[in-house]
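Everything on this sheet refers to the single structure shown next.
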Amino acid sequence: MERWPALELASTIRHDGAGGVADDLETPQSTARWIHQQAELLAGHVDVAALTVDETLGSEIVELRRAVRALFAQAVSPAPPSRADAHRLMPVEQALAHLNAAAAREAIAPQLDWSADSPPRVGVLSDESDPNVRLIAALARAAIDFLSGPQREQLRACNAPRCVRYFVKSHGRQEWCKPSCGNRARAARHYQRHNATPAP
């Protein structure tokens, strides 16, 4: 299944399994764990092992996530955005400015890497020595690529009960991010139909 760094970042806010919302970027330790899970997606852009994951980097990633989720909400409009933060979204103009400024923190040149035993891959050539800056800029560029690419048209907010994820619709009738959300939504509809109080 295809993964996009922007969608992975937005998905760090998720249902906690108990009716609330969990944040995978809540502490430097959980942020470091999430970054290491993205190492393959970030290869060629940043050396994950060289990062200093502290509260400063964590808050920069969270602020970038706020911008990305605000732009995801704009992308799915007029459908409703994710319920996780629909009530406190960053204004679109502010989100755009933040995303573009984050991407501009690193000047890069694309580089083609093509060894005899692997397909061509695009990397980046950068003079930026701070890996933390490189990470923020790489995540911002990934969000720009996602939001300007064809997958934006298929972006949806999952409307299953308790789900707060965004997903890319992979087939025509897909309404939920995963089968378990579809099961939960169908069960909720069934319950509402069979337990609705008849009008007097």
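Got a sec? Which strands (runs of 3 or more DSSP E) wholly within the range 88-162 have at least 2 residues that are more than 23 Å from Ala39 (Cα to Cα) and open to solvent by less than 30 Å² (accessible area, probe 1.4 Å)?
In the range 88-162, 155-157 are the strands (runs of 3 or more DSSP E) which contain 2 or more residues that are more than 23 Å from Ala39 (Cα to Cα) and open to solvent by less than 30 Å² (accessible area, probe 1.4 Å).
Can you name the residue in the range 1-32 that is touching a Phe, Trp or Tyr at 6+ places or on another chain (Cβ under 8 Å) and of a type in the set (S, T, N, Q) and is also least open to solvent (accessible area, probe 1.4 Å) among such residues?
Step by step, filter the range 1-32, then rank; the result is Thr12.
Please list, ordered by first then second residue, the pairs with beta carbon atoms under 7 Å, 6 or more apart or interchain, first in the range 19-47 and farther than 13 Å from Glu8 by Cα, second small (Gly, Ala, Ser) and open to solvent by less than 50 Å² (accessible area, probe 1.4 Å).
Val21/Ala84; Pro28/Gly58; Gly44/Gly123; His45/Ala138; Val46/Ala138
Select from the range 133-163 the residues that are touching a residue at least 24 places away in the same chain (Cβ under 8 Å) and over 18 Å from His45 (Cβ atoms) and list them in ascending order.
Scanning the range 133-163 gives Gln151, Arg152, Leu155, Arg156, Ala157, Cys158, Asn159, Ala160, Pro161, Arg162, Cys163.
Is there a residue in the range 114-127 that is at pLDDT below 95, acidic (Asp, Glu) and under 25 Å from Glu40 (Cα atoms)?
yes
Six or more apart or on different chains, Cβ under 9 Å: which pairs go from a residue in the range 53-73 that's within 10 Å of Leu89 (Cβ to Cβ) to one that's part of a helix (DSSP H, G or I) and modelled with pLDDT under 95? Could you list them?
Filtered contacts from the range 53-73: Arg66/Arg88; Ala73/Ala86.
Take the range 74-87 and flag every residue that is part of a helix (DSSP H, G or I) and not small (Gly, Ala, Ser).
Gln74, Val76, His87
Taking interchain pairs and intrachain pairs at least six residues apart, which have beta carbon atoms under 9 angstrom, with the first residue in the range 112-132 and basic (Lys, Arg) and the second open to solvent by less than 100 Å² (accessible area, probe 1.4 Å) and outside any loop (DSSP other than H, G, I, E, B)?
Arg121/Asp113
Need the failing condition index for Ile35 against (1) touching a helix residue (DSSP H, G or I) at 6+ places or on another chain (Cβ under 9 Å); (2) open to solvent by 10 Å² or more (accessible area, probe 1.4 Å); (3) more than 21 Å from Ala95 (Cβ to Cβ), just the number.
(2)
Just checking: which of the helices (runs of 4 or more DSSP H) contained wholly in the range 1-73 hold 1 or more residues that are closer than 17 Å to Phe146 by Cβ and of a type in the set (A, V, I, L, M)?
Ranges flagged: 5-10, 39-42.
The values are calculated or read from the model by the stated rules, or taken from the named source; none is laboratory data. It should be emphasised that the depicted structure is a prediction, and the values quoted were computed from it without experimental measurement. In this analysis, Cβ positions are derived from the backbone assuming ideal geometry, glycine residues included, and neighbour counts consider all displayed protein chains. In case anyone asks, the SASA skips ligands and DNA or RNA and just uses the protein heavy atoms, side chains included. Shrake-Rupley method; radii C 1.70, N 1.55, O 1.52, S 1.80 Å.
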